[in-house]
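The values are calculated or read from the model by the stated rules, or taken from the named source; none is laboratory data. Fair warning: this is a prediction, and the values are worked out from it, not measured in the lab. Because the Cβ atoms are built from the backbone with ideal geometry, glycine has one as well, and the counts that use them run over all protein chains shown. Surface accessibility is based on the protein's heavy atoms, side chains included, excluding ligands, DNA and RNA. Shrake-Rupley method; radii C 1.70, N 1.55, O 1.52, S 1.80 Å.
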Amino acid sequence: MNNDTLKRLLQAVASGQTSVASAADSLQHIFVEDIEYAHVDHHRTLRKGFPEVIFGQGKTAEQIAGIMEKMSAQDDRVLITRLSEQKAAHIQALFPQSVYHADARVLLLEKTPPPICGRGPVLVMSAGTSDIPVAKEACLTARAMGNEVETVYDVGVAGIHRLFSHKEAIERASVLIVAAGMEGALPSVVAGLVNRPIIAVPTSVGYGTSLGGMTALFAMLNSCSSNVAVVNIDNGFGAGYMAAMINRP
């Protein structure tokens, strides 16, 4: 339940359109709804401005669908991350209005598109084409949270001249998300060009000594650019969520 829904309910009670008993029934699970295998946090939208997000990895399709059923009764959108194609097919049969993005492993159910409420565009960048799935997860998360999102892909330091042709988009952005694997250098380069926050996302892309993204993570944590913050390896969702919070008016 979000603020607008709560206000409409209270106004309906005040005007006599809704009985106190009916309103009380609607608010029965305003905090937590226990469905045995999950405690659905309906209060999160009121508390944080965005509904609980379902982490699909490790849950069965039936469990995810059960959580979605409870959430969609009270929220306008439901976001699921790390969802396999097999589970997505099962869920979409039950929620045909949902959209699955296979490259990002994200499923989004939206009753209505979110209003754009950010202070400016969020720019999501990837060093290479192989980093796009992680960047796309960040992109979808930031959009679901009501942000205008622009993307620039495959502009890594191996061909740094590619980056400078996107100078206008880089300077226009309020927050930038930069996903990179290998040596993880791109966030530092981008951060040196702007006076905006950079959220760096190390990806698990690279050969042996990239250590599954650890090399990129260490490089980003040791960035000499002072406007770089770092999320976990492959955590595009976390980057998109943080960018949306920074970008709130």
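Tabulated results
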quantity: Single residue of segment 113-134 satisfying the filter (in contact with an Asp or Glu (Cβ under 8 Å, 6 or more places away or on another chain) and closer than 19 Å to Ala185 by Cβ) that is most open to solvent (accessible area, probe 1.4 Å); calculated: Thr129
quantity: Residue ID - most open to solvent (accessible area, probe 1.4 Å), chosen from residues in segment 164-175 that are in contact with a strand residue (DSSP E or B) (Cβ under 8 Å, 6 or more places away or on another chain) and without any contact (Cβ under 8 Å) to a residue 60 or more places away in the chain; calculated: Arg172
quantity: Output for segment 164-187, where each listed residue is on the phi < 0 side of the Ramachandran plot and touching a helix residue (DSSP H, G or I) at 6+ places or on another chain (Cβ under 7 Å); calculated: Ile170, Val175, Leu176, Ile177, Val178, Ala179, Ala180, Gly181, Glu183, Ala185, Leu186, Pro187
quantity: Ala180 of a type in the set (A, V, I, L, M), free of Cβ contacts under 8 Å to residues at least 60 places away in the same chain and buried (at least 18 other Cβ atoms within 10 Å of the Cβ); calculated: yes
quantity: Single match in Ile116, Ile132 (criterion: under 30 Å from Arg77 (Cα atoms) and part of a helix (DSSP H, G or I)); calculated: Ile132
quantity: Total residues in segment 4-60, condition modelled with pLDDT of 80 or more and assigned to a loop (DSSP other than H, G, I, E, B); calculated: 14
quantity: Residue check, Glu137 under 19 Å from the mean Cα position of the chain (by Cα), acidic (Asp, Glu) and surrounded by fewer than 21 Cβ atoms within 10 Å (Cβ to Cβ); calculated: no
quantity: Counted residues, segment 74-105 - those being without any contact (Cβ under 8 Å) to a residue 40 or more places away in the chain and open to solvent by 70 Å² or more (accessible area, probe 1.4 Å); calculated: 9
quantity: Test set (1) touching a helix residue (DSSP H, G or I) at 6+ places or on another chain (Cβ under 6 Å); (2) crowded, with 23+ Cβ neighbours inside 10 Å - Val190 fails condition number; calculated: (1)
quantity: Enumeration of residues in segment 144-163 that are farther than 16 Å from Ala185 by Cα, in contact with a helix residue (DSSP H, G or I) (Cβ under 8 Å, 6 or more places away or on another chain) and open to solvent by 30 Å² or more (accessible area, probe 1.4 Å); calculated: Glu150, Thr151
quantity: Contacts under 6 angstrom Cβ, first residue in segment 120-133 being more than 22 Å from Ala102 (Cβ to Cβ), partner of a type in the set (Gly, Ala, Ser) and assigned to a helix (DSSP H, G or I), 6 or more apart; calculated: Val122/Ala142; Val122/Ala243; Leu123/Ala169
quantity: Subset tally (residues that are over 16 Å from Glu137 (Cβ atoms), outside any helix (DSSP H, G or I) and without any contact (Cβ under 8 Å) to a residue 40 or more places away in the chain) for segment 195-229; calculated: 12
